[in-house]
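A short worksheet on the structure shown next.
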Amino acid sequence: MRWDNLAENPHAPMPGSPAALFGADAVVTRTFDTPEFRGITFHEVRARSIVNRVPGASQMPFEWTVNPYRGCTHACVYCFARKTHSYLDLDTGLGFDSQIVVKINAPELLRRKLVSRSWTGEHIAMGTNVDCYQRAEGRYRLMPGIIAALRDHANPFSILTKGTLLLRDLDLLQQAAQVTDVGISVSVGFVDSELWRTVEPGTPSPERRLDVVRALDEAGIGCGVLMAPVIPFLGDSPGQLRATVRAIAASGATSVTPLVLHLRPGAREWFMAWLAEHHPYLVRRYERLYAAGAYAPKWYQRRITRQVHELATEFGIGPTRRGGARRIPATAEPEHAEPTQLTLL
């Protein structure tokens, strides 16, 4: 897929090259001179479709996703979705953080899909690529229309987010939960404030995200926490893991699921450049730890998982508990499968 008309270095497409993902007449580019949007460019598009099928080889426990945005102002240095910006000939580094594609017709496209004869009401996951409650959602307000469509058709869905803006739509979420299965998860990989400021500079603080979990719990909507990513050598000490699990338990989370940082192409280059600038003494250790590919060794992942589960037991939080959030059922992974990390991450 290409987006030659919005490339940062425009050029005429070569004969036989893939067609642009969006035509020039379908795109409006805007900037807003307000503090929260300064330096950010929004590309408003009328997308051709909004419900996407997850590739068959994926180990994700769902088949369909909705992603109203591309790019993310959360600017997480480890975000695996950075590679997707290259499909549009946009930069996967700072461009991913500041060139945001907004599918302004997402709610109407979803309603059209939900009433089509081909749709049979499968679960739809949101926030598994980039965060649907990133800063742009405060202006474009796509999620209320999306949630309302899912509610009106009693279609099950889940949301993964780092955004506190989700509480704006609390009434809609409560209404949807009365008619269908709704699963909410908040991503909090650590509570270390210095680490947060450097690796997730555009996100609400971990404490504010855990306030979202508390508010959902008080509203009768169970919320799990995806403890991701656990960042090797920076956020994985016994004391850091203990502090994070303790805070998650205190928030009233229904579950905690740890996932170790993984570094796919696109994210790997950006993260390693950040690491060389901020923690150069760790570069060689990361090269060794991730020498085999995008994932940390299984022995390391198992160690982190064991520690977090032991702490969860100590602080009284289990994988799930009666009355907790209605969630997508977990699926067992084949022995040879690589682990999967979800992110807004």
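The values are calculated or read from the model by the stated rules, or taken from the named source; none is laboratory data. As the structure is a computational prediction, the values presented were derived from the model and not from experiment. Here the Cβ is made from the backbone with ideal geometry for all residues, glycine too, and neighbour counts use every protein chain on show.
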Scanning segment 117-135 for residues that are in contact with a Pro (Cβ under 9 Å, 6 or more places away or on another chain) and of a type in the set (G, A, S), the one farthest from L170 (Cα to Cα) turns out to be G121
What's the number of the only condition in (1) loosely packed, with under 15 Cβ neighbours inside 10 Å; (2) at pLDDT 95 or above that V212 fails to meet? (1)
Subset of segment 70-95, residues out of contact with any Phe, Trp or Tyr (no Cβ under 8 Å at 6 or more places or on another chain), assigned to a helix (DSSP H, G or I) and of a type outside the set (S, T, Y), comes to F80, K83, L94, G95
So, first residue on the phi > 0 side of the Ramachandran plot and touching a residue at least 40 places away in the same chain (Cβ under 8 Å) in segment 247-271, second residue of a type in the set (D, E, K, R) and not in a strand (DSSP E or B), Cβ within less than 8 Å, six or more apart or across chains; the pairs are G266/R82; G266/K83
Residue hits (segment 62-84; under 21 Å from A47 (Cβ atoms) and either without any contact (Cβ under 8 Å) to a residue 24 or more places away in the chain or of a type in the set (G, A, S) (or both)) are G71, A81
Return the residues of segment 100-143 that are assigned to a loop (DSSP other than H, G, I, E, B), touching a Lys or Arg at 6+ places or on another chain (Cβ under 9 Å) and surrounded by fewer than 21 Cβ atoms within 10 Å (Cβ to Cβ); say none if nothing qualifies. I104, N105, W119, R141
Residue match in segment 265-287 (condition: surrounded by fewer than 17 Cβ atoms within 10 Å (Cβ to Cβ), part of a loop (DSSP other than H, G, I, E, B) and either in contact with a helix residue (DSSP H, G or I) (Cβ under 7 Å, 6 or more places away or on another chain) or aromatic (F, W, Y) (or both)): yes
Would you confirm whether or not segment 124-144 contains a residue that is among the small types (G, A, S), at pLDDT 95 or above and farther than 30 Å from P35 by Cα? yes
